[in-house]
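K.L.:
One structure, pasted below without further comment.
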Amino acid sequence: MRRNSNGVAPIGLGIESLVGVNYVGMKQLFYILYALCGLLLLSCGQRKGGALAVIESIADTDADSAAVLLSQYDTLEASVADMMYYKLLCAKVKDRRDELDMSDAQAEQLVTYFEEDGDYRLLPTACYYGGRICSENSNAPQALAYFRKAEVLLTDNHTRPMLDDDCDKALLSKVYSQMGYLFVDRRMYDEARQCSEQSYELDKAIRQR
């Protein structure tokens, strides 16, 4: 149920299914043209992860355009790090488009990579989307485990001092929100209320900045 808000070869994310739009409005067209320019510039001697960062900057506000750009991304020449970053962005864009059809195995691959080999700063994000994937697959225990892991990472003063970053606050708010939904399903209403209150307080803190 939807609730929102490589030496490694591609593992069948079906990114082509992300696009599936016959009409793209002027706003989306602007984003696409802007990002394509960024992709062209970044392809001239700079690492591909930079191109993916351009796509990520669009994904929060225009998932449709981000999906188009991901479908154009050349995965054949991507490094292991860029391939896994690409897969993480696929999960993000699919989630925002209500098309999160990935498997628990894919969720585990994302979390394991960023925990053991990848950019550790992206691990909370990988845990969040691991939780979202498992939640969509009705695997509530594993989803809660991933969300709990993201919570610990985001509130650890050694890795995320005092949650100064609004992006961290926004991600933690989403973690609590998703945990709340799962607790409601399990009739754990006290825990659900606590998560809802924590999510609300984080959102309020962001708005007051």
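Bear in mind that the values in this text are calculations on the coordinates, not laboratory data. Being a predicted model, the structure only gives us computed values, none of them experimental. As a convention, Cβ positions derive from the backbone with ideal geometry for all residues, glycine included, and neighbour counts pool all protein chains shown.
K.L.:
Using Cβ counts within 10 Å as a stand-in for footprinting exposure, how do Lys149, Lys94 rank, fewest first?
P.N.:
Values: Lys149 20, Lys94 25.
Taking fewest neighbouring Cβ atoms as first place, the list is Lys149, Lys94.
K.L.:
How would you rank Tyr86, Tyr120, going from fewest to most other Cβ atoms within 10 Å of each one's own Cβ?
P.N.:
Starting with the residue having the fewest Cβ neighbours, the order is Tyr120, Tyr86.
K.L.:
Among Arg132, Arg187, Arg97, rank each residue by its count of other Cβ atoms within 10 Å, from fewest to most, as a rough exposure measure.
P.N.:
Neighbour counts put them in this order, fewest first: Arg187, Arg97, Arg132.
K.L.:
Could I ask something else about it? Using modelled amide H (1.01 Å from N, peptide plane; none on Pro or chain starts), what sits under 5 Å from the amide H of Asp119, excluding residues fewer than 5 places away?
P.N.:
none
K.L.:
Check cross-link reach from Lys94 to the aspartates and glutamates: straight Cα distance under 13 Å, and skip same-chain residues fewer than eight apart.
P.N.:
The qualifying aspartates and glutamates are Glu16, Glu56, Asp60, Asp62, Asp64, Glu136.
K.L.:
On to the next question. Distance in nm between label sites at Ser71 and Glu191, each 7 Å beyond Cα in the beta-carbon direction?
P.N.:
For Ser71 paired with Glu191, the spin-label model returns 4.0 nm.
K.L.:
Whole-Hz Karplus ³J(HN,Hα) for segment 183-198, in order, using 6.51 cos²θ - 1.76 cosθ + 1.60 and θ = phi - 60°, x for Gly and Pro?
P.N.:
Per residue, the Karplus-derived 3J(HN,Hα) values read 5, 4, 4, 8, 6, 9, 6, 5, 5, 5, 5, 4, 5, 4, 5, 5 Hz.
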